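Data block below; observations after.
Computed from the coordinates by the stated procedures, all read-outs in this text should not be read as laboratory data. Keep in mind it's a predicted model, so treat the numbers as computed, not measured. Cβ atoms come from the backbone with ideal geometry, glycine included; neighbour counts cover every protein chain shown.
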Amino acid sequence: MSLDSTPPPAPPTPPSGSVPPPAAPAGAPAPVAGVSDKSFIATWLLAWLLGFFGVDRFYLGKIGTGIVKLVTFGGLGVWVLIDLIITLTGSATDAQGRKVRGRGKEPMIAWIVTGVVIGLGLIVNIVNGGNAASTVDSSTSEQVVSEETSSTGEEEAVETTPAVEPGSSLEAPLPAGTPVQVDSWAGKYTVSFGAVNWDATAAVANENPFNMEPEEGEKYITVTVTMTNDDTEEWNPYGTLFWGDIKLVSNGRGFSEGAIVVIPNGLSDQGDLYPGGQATGDVAFLVPADLVDGVWDIDGTFVAAQ
């Protein structure tokens, strides 16, 4: 047998000036056609946390839609949700149309973390809503209790309000005949008003024919008055009485003009009173014919007329 000793042909020599492609590192995975080199985890986090500003789209090289997403604030949140779902389902693409795929368990981890965070957010919102409702109920209850307490306090205040001091108003006059001390410019004295003759017209007319007759719709009344001089000088009781602030009040009307007529046992007939002296006599008033009761206003102190 003959052996061929002709050597094999040499491999072709690369063209002059060309650089051979670099060898892949030992153990490195071979690139997959149509899969983006962008990180799935980075895309997911950017879409979730900064999606309102379009950062995920800028990262993927989609500058135009990234700007639109930024100025619309993530499409008012709708676009953010859509891009997040697209990324989690592995449907996101970069500017060259290549899929952004997660490696190994990255997609499953992203799904779990997203679900847990969203679930916790819902639970927190529900708890906060319950607390807010409790706060409102508590506030309402406190307000009701406060109003009830205030109402009770007002009722207690009404119940504990002291009674009007007798003699301080027309509604609470002193009993008829109660002596009242008066200290006015006209004199200092103690006076009491006794029994009233509510129709003394005939008695006045009979006492003196020169007494003035009352006008139509008017009449005379007389009242017995007792005065004590508490002053340091003498004075006439009749003049002092009517120079003071004395009125008969009835139905909201006040009558202060004493009638200058001659009457039996008139106070004007009792002479002057010296300090410590006392006199009793009648005085006449001209009043409306329908007046049948009233209250004496003696310099601001009210006494029932009898």
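Points worth noting:
- Total residues in the range 258-306, condition in a loop (DSSP other than H, G, I, E, B) and of a type in the set (Gly, Ala, Ser): 8
- Unmet criterion (only one of (1) without any contact (Cβ under 8 Å) to a residue 40 or more places away in the chain; (2) more than 56 Å from the chain's Cα centre (by Cα); (3) within 28 Å of ASP290 (Cα to Cα); (4) surrounded by fewer than 16 Cβ atoms within 10 Å (Cβ to Cβ)) for THR201: (4)
- Residue satisfying all of: in the range 65-91; part of a loop (DSSP other than H, G, I, E, B) and within 48 Å of the chain's Cα centre (by Cα); nearest to LYS105 (Cα to Cα) among these: GLY77
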